[in-house]
Amino acid sequence: MHHYLLQWLTAINLPYASPIAVLATVGIVLLISLVVHALLHQVMLPLLTRFAGRSSRQWPTSVIKKNLFSRFALLVQGFLFQFQIELFLSGSDPLFTVLMAVSQVWVMIFSLLLFFSLLDVLLELSENSVIARQLPLRGIFQSLKLIGALLVTLMIISVLIGKSPLVLLTGLGAMTAVLMLVFKDPILGLVAGIQLSANNMLKIGDWLEMPKYGADGDVVDISLTTVKVSNWDKTITTIPTYALISDSFKNWRGMTESGGRRIKRSINIDTTSIHFLTDEDIDRMKGAQLLTPYLAGKQAEVAKHNAELGCDLSTPLNGRRMTNIGTFRAWLEAWLKAHPHSHKGMTLMVRQLAPGPDGLPVEIYMFTNTTAWLEYEKIQSDIFDHIFAVLPAFGLRVHQTPTGNDMRNIRIARA
């Protein structure tokens, strides 16, 4: 077109025919580009937006929200602009070279942005996939964006300086140390993300506990360089991704998947309340349904043992006898096994720990049949409410540290 315009302007003897022909050709190229831009952005994009609003599927909305179509339209305009330059201005150096370089840079930039939008759409759509949520896709996609941005930057520089990208790549060898320092966190985060994914160590939704960073809550985001944890007090803790590989952390996912949550808690018994059971105590306790089998079996066992040894039972130093603390442990274990919220397939025991200044610890070690935090705390509280209330039935007391008034009363009583 430039050639024909130049011939026509020369034929009519118009001054400055050559620059006018170039400007006219450029004007035609720009006019066509503006018309195409108007059609794509003022006609097609509103139609697609209305279609996405009426659609029941998620992907049309994601395409519009993440600017996938608008960036694709700008990329098409770049290719059209480049095609027009080759078609209309192929013989007009150096303007042809400048505009061709501009069109190539335009195409590379919007190709990169289109790639970013595509990754964003895939990431948003993957949030509804159970399998995809188990992978650190955000970190992987951010790594791909970083690599893509580096490659496109090298290609743009090569276009602007007129050199091959391979020349720039060979020159980057000397800058490796600098690049490693600048991109240290993304590189470490990329490696950490791959290790976390490959070893199934962490995924979004896991309960993570990392006291070093003050993190105790659900993982809400795993990116290239950071992991965000929503703590139970509604604060947000940000942890470097590579710290999850270099430092230790606790993942409560195993507890959640097992279906049971552990109760490991002790009651400190006052040792002065521990004593042998009398016949009256045993007869009274036989009214407890959970204790009837235990008392019958234990009485027979003790009586047989004492008879075989011919023990003189006039003194408590001879033979075997039943104790209130042992009977309490037997009842408590039977009661916990019958509890509707105890997990029947996991460990359950009632044991004594070493006595200390705070009395004799009787520890409950069991699992509830739910992992929900609120339900678990309610079950645990109900269990210990009942235990504290039933202790007097066994003649037991909870250990209490004496106060100043208690010590004074003891001295007065002894005097």
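Report the paramagnetic label zone for ARG262: residues of segment 349-384 whose backbone N is under 12 Å from a point 7 Å from Cα along the Cα-to-Cβ axis. Inside the label zone: 365-368.
Taking a Cβ cut-off of under 15 Å around LYS378, the surrounding Lys, Arg, Asp and Glu residues balance to a net charge of -2, with basic ones at +1 and acidic ones at -1. On segment 186-327, 54 percent of the accessible area sits on carbon and sulfur atoms, based on a 1.4 Å probe.
Using a Förster distance of 25 angstrom, determine the FRET efficiency expected from the C-beta separation of PHE83 and ASN128, and round it to 0.05.
On the way: r = 40 Å, r/R0 = 1.60.
It comes to 0.05.
Between ILE161 and PHE51, the simple label model (points 7 Å from Cα in the Cβ direction) yields a spacing of 4.4 nm.
Would you give the gap between the C-alpha center of segment 270-293 and the C-alpha center of segment 224-238, rounded to a whole Å? That distance is 52 Å. Multiplying the residue separation of ARG253 and GLU377 by 0.36 nm and subtracting their alpha-carbon distance yields 42.8 nm. Between SER223 and LYS337, the modelled labels are 5.4 nm apart [label points 7 Å from Cα along Cα→Cβ].
With the simple model of a label 7 Å out from the Cα in the direction of the Cβ, ALA38 to VAL398 spans 8.3 nm. With a Förster radius of 45 Å applied to the C-beta separation of THR272 and ASN231, the computed FRET efficiency comes to 0.55.
Could you report segment 214-254's accessible area per residue, 1.4 Å probe, as an integer in Å²?
Working: 1910 Å² over 41 residues.
Accessible area per residue, segment 214-254: 47 Å².
So if R0 is 22 Å, what FRET efficiency would PHE384 and THR347 give, r being the distance between their Cβ atoms, rounded to the nearest 0.05? So the FRET efficiency works out to roughly 0.75.
The values are calculated or read from the model by the stated rules, or taken from the named source; none is laboratory data. These numbers were taken from a predicted model, which means no experiment stands behind them. Because the Cβ atoms are built from the backbone with ideal geometry, glycine has one as well, and the counts that use them run over all protein chains shown. The protein model used for the area step is the full one, side chains on, heavy atoms only, and it has no ligands, DNA or RNA in it. Shrake-Rupley method; radii C 1.70, N 1.55, O 1.52, S 1.80 Å.
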